[in-house]
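**Student:** Just passing along the structure, written as structure tokens.
Just so it is clear, none of the values below were taken in a lab; they were calculated from the coordinates. All of these numbers come straight from a predicted model, not from anything done at the bench. When we count neighbours, we look across all protein chains shown, and the Cβ atoms used for this are built from the backbone with ideal geometry, even at glycine.
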Amino acid sequence: MKIFNLSMECYPVAKVGGLADVVGALPKYLNKIEGVEASVVMPWYNKPFVHDHSFETVFDGFIHQNIHEFRVQVLKERGKTLGFDLYLIKVPGLLDRDNPYGYWDESQQFLAFQHGVLHWLSAMKIRPDVLHCHDYHTGLVPFMIENCPEFGFLKGLKTVGTIHNGEYQGQMSWDMAMYFPWYRSENWGLLDWDGFINPLAAMIKCCHAFNAVSNGYMQELFESFRGLESLVRQEGSKAYGIINGIDTEVWDPKTDAFLDFNFDRNDVFTGKWKNKKALCEEYGLNPDLPLFSFIGRFAGEKGADLLPDIVEKSIHQTHGALNIIILGSGDPVIENRLRELSAIYSNFALDLGYKEYLSHKIYASSDFLLMPSRVEPCGLNQMYAMRYGTVPVVRYIGGLRDTVEDISTGGSGLNFGAATADDTVNAMHRAVHIYHHRELMDQLVISNMNFDFSWENSAFKYLQMYRR
């Protein structure tokens, strides 16, 4: 079975969030299954990975958007260094930039990517068994295959769509229709939702199967989906919930090159203490106190706007009997508030930006990981944390409820109900209490390291969906 994964992100080529981690791991583990050949197709970015690896041009052609003609090049990485074939779509002027997102003409960029991919496959008579479309950025592909005569060679090709985050749907005005490849206008309704072109809605309508990245999140989408609830219910017969895995070759405390001290289950307490001590020394924290961490984007869906209140309330209410370290970036208002607090509290450390190496160090050093998410389709951070012997303190929602069970019901984490600073801090009080009962804390650490969140199981479930 030949599968092409279409995505705007893929680790380690270009990463903004969890989408990149999934796309960088799923095809690698699918390729370990006999008879499966999985690849990734993504835009070309001006990134170190692209310049540090060798590529060959396997296609050179042109597409039209409205009255404009754009050159399309497809570059294939030599050597298959990621464990799968990697193809980059380069369109000078649109798909040749530094970052995946943040540009005023994003919708045109995403359209050019999808058009470029289908033009290449059609022109070269490449017909995989499945095109796997990740998030709304590639959500128009199933529609284009069936309704654009230019891609007649691909008509009937099976398509799968994965909803990594339903908060983002790519909605655009109908003025953007002029940038589409010519399509049968009588089927315009497949693109429309509430008077706008909605790529995520189009993906759900037109693909052969779709999934959310956890069963818990899939169930939530039936009730709350930013206006698409009725659509997902209507198309529910082709809906699946498949929990993400983590790449246990990248995320392995025994071999992780980013760590100051490697460890496994046999020497986890010594290993974590050494890493914690080194991190605390670097940031001026007391290693004898429980260390709480937050890693992620400063966005409302992550509950990041709660962080300043969480920092202040937890430090005051525990009389400073804990440490907090935060790694992330995003909303400048949140960044500024946290920056002010880091200058006030000696037991609060802040590092702004995206730093992959530091995230690994924090997972290995922390006692507890905070995730006060409002929306969490799957969540990978809690899995990384557990793999490194860190206890997750999470809101009971989406993929978090699929992966983190509260200690009171036999689990190895701490859950709380509402995305509020008070609920989060109350859970932190419970965590501090557990931290000082070393036997119980040690049991949680070992229990978390014994969980298997590897991609093997999840990859097989994706393969089952493809086959169906």
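**Student:** Work out the P(r) tail for the range 275-337: percent of alpha carbon pairs separated by more than 19 Å, whole number.
**Tutor:** Counting pairs separated by more than 19 Å, the tail of P(r) holds 37 percent.
**Student:** Same structure again: What full-extension length gain, to one decimal in nm, is calculated for E282 and E56 as 0.36 nm per residue of separation minus the Cα-Cα distance?
**Tutor:** 77.0 nm
**Student:** While we're on this one: So which of K276/K302; K2/K28; K2/K158; K28/K80; K15/K313 end up more than 21 Å apart by C-alpha?
**Tutor:** The pairs that break the limit, which is 21 Å between Cα atoms, are K276/K302; K15/K313.
**Student:** Nearest 5 percent is fine: what portion of the DSSP beta bridges confined to the chain is antiparallel?
**Tutor:** 25 percent
**Student:** Also: Just check the range 72-231 against the gyration tensor rule for me: Cα atoms, a ≥ b ≥ c as the square roots of the eigenvalues, rounded for a/c under 1.5, and otherwise prolate or oblate depending on whether a/b exceeds b/c.
**Tutor:** rounded
**Student:** Would you calculate a helix-derived [θ] at 222 nm for the chain, using -39,500 (n - 2.57) for each DSSP H run of n ≥ 4 and dividing by the full residue count, to the nearest 500?
**Tutor:** About -10500 deg cm²/dmol.
**Student:** Suppose R0 equals 30 Å. What FRET efficiency, 1/(1 + (r/R0)^6) with r the Cβ-Cβ distance, do F269 and K355 give to the nearest 0.05?
**Tutor:** So, using R0 = 30 Å, E works out to roughly 0.70.
**Student:** Can you tell me the relative contact order of the chain? Whole percent, Cα pairs under 8 Å, sequence separation 6 or more.
**Tutor:** So the answer I get is 12 percent.
**Student:** Which of S7, S458 has the fewest other C-beta atoms within 10 Å, and how do the rest follow up to the most?
**Tutor:** S458, S7
**Student:** Sticking with this structure for a sec: Between the range 310-389 and the range 425-468, what is the C-alpha centre distance in whole Å?
**Tutor:** Using only Cα atoms, the two centres lie 19 Å from each other.
**Student:** Based on the Cβ-Cβ distance of D175 and F258, what FRET efficiency does E = 1/(1 + (r/R0)^6) give at R0 = 41 Å, to the nearest 0.05?
**Tutor:** 0.35
**Student:** Just report the Cα centroid separation between the range 82-100 and the range 5-68, whole Å.
**Tutor:** Here the answer is 7 Å between Cα centres.
**Student:** Among rounded, prolate and oblate, which fits the range 265-452 when a ≥ b ≥ c are the square roots of the eigenvalues of its C-alpha gyration tensor, a/c under 1.5 means rounded, and a/b larger than b/c means prolate?
**Tutor:** Verdict is rounded for the range 265-452.
**Student:** Just subtract the alpha-carbon distance of V333 and R438 from 0.36 nm times their residue separation and send over the number in nm, one decimal.
**Tutor:** Stretched out fully, the V333 to R438 stretch lengthens by 34.0 nm.
**Student:** Counting DSSP beta bridges with both partners in the range 60-199, what percentage is antiparallel, nearest 5?
**Tutor:** Taking every DSSP beta bridge with both residues in the range 60-199, the antiparallel ones total about 75 percent.
**Student:** Something else now. Label the chain by shape, choosing from rounded, prolate and oblate, from the square roots a ≥ b ≥ c of the eigenvalues of the Cα gyration tensor; if a/c is under 1.5 it is rounded, and otherwise prolate applies when a/b is larger than b/c, oblate when it is not.
**Tutor:** prolate
**Student:** Further question: How far apart, in nm, are the 7 Å Cα→Cβ label points at K2 and N46?
**Tutor:** 3.4 nm
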